[in-house]
1. From the backbone phi of the range 55-68, what are the Karplus-calculated ³J(HN,Hα) couplings (6.51 cos²θ - 1.76 cosθ + 1.60, θ = phi - 60°) in whole Hz, Gly and Pro given as x?
2. Report, by chain and number, residues whose modeled amide H sits under 5 Å from the one on residue 35, excluding near sequence neighbours (fewer than 5 apart, same chain).
3. Kirkwood hydrodynamic radius (Cα pairs, Å) of the range 1-100?
4. With every protein chain left in place, what is the accessible area of residue 113 in Å² (1.4 Å probe, nearest 10)?
5. Per residue, what accessible area does the chain have, given a 1.4 Å probe and all protein chains present, in Å²?
6. Please compute the length gained on full extension between residue 53 and residue 23, using 0.36 nm multiplied by the number of residues separating them and subtracting their Cα-Cα distance.
7. Can you work out the Karplus-derived ³J(HN,Hα) for every residue in the range 83-94? Use 6.51 cos²θ - 1.76 cosθ + 1.60 with θ = phi - 60°, whole Hz, and x for glycine or proline.
8. Given 0.36 nm per residue, what is the gain on full extension from residue 34 to residue 68 after removing their alpha carbon distance, in nm?
Amino acid sequence: MTSASAALTLKVAVKNTGARRGDEVAMLYHVPSKSIQRPPQEEARLPLPHRKLLDFHRVTLAPAASSAPLLFSLNASSLGLVDSEGNTYLYPGVHELRVNRGPGTVDELALSVRVKAPGPILVDTLL
């Protein structure tokens, strides 16, 4: 991907295999990898976040193997990271998207998105 306005769509199916009706919250996270190319002064001042919540969907499913498709739609600028001055940049490198259920669950889906750009792309500024 080479543009901050590029659209990203992720479709995830959630299934209830239990005997009772159930609620589920699927959360989409941005997990920056160590391959992200930020200026050295930013690396020293502000470490990469562990993860950033981008979106979530709550769904209620009937018992006995019912399922529902969830659609996460965002643009590449959602993968932007804030620098020490408060500006948001989309940095080149591998950005990982993860969908998981609730805190502490190990059941998750991961997808890597590679941003190709000659340098950081300014997405938003405080001024």
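1. Calculated HN-Hα couplings, in order: 6, 8, 9, 9, 9, 10, 10, 5, x, 6, 6, 7, 9, 9 Hz.
2. 94
3. Across the range 1-100, the inverse of the average 1/r is 15.4 Å.
4. 20 Å²
5. I get 60 Å² per residue for this part.
6. 8.9 nm
7. 8, 5, 9, x, 8, 9, 10, 9, 9, x, x, 8
8. 8.8 nm
The values are calculated or read from the model by the stated rules, or taken from the named source; none is laboratory data. Everything numeric in this text was worked out from a predicted model, so none of it was measured. Note: areas computed on protein heavy atoms with side chains; ligands, DNA, RNA excluded. Shrake-Rupley method; radii C 1.70, N 1.55, O 1.52, S 1.80 Å.
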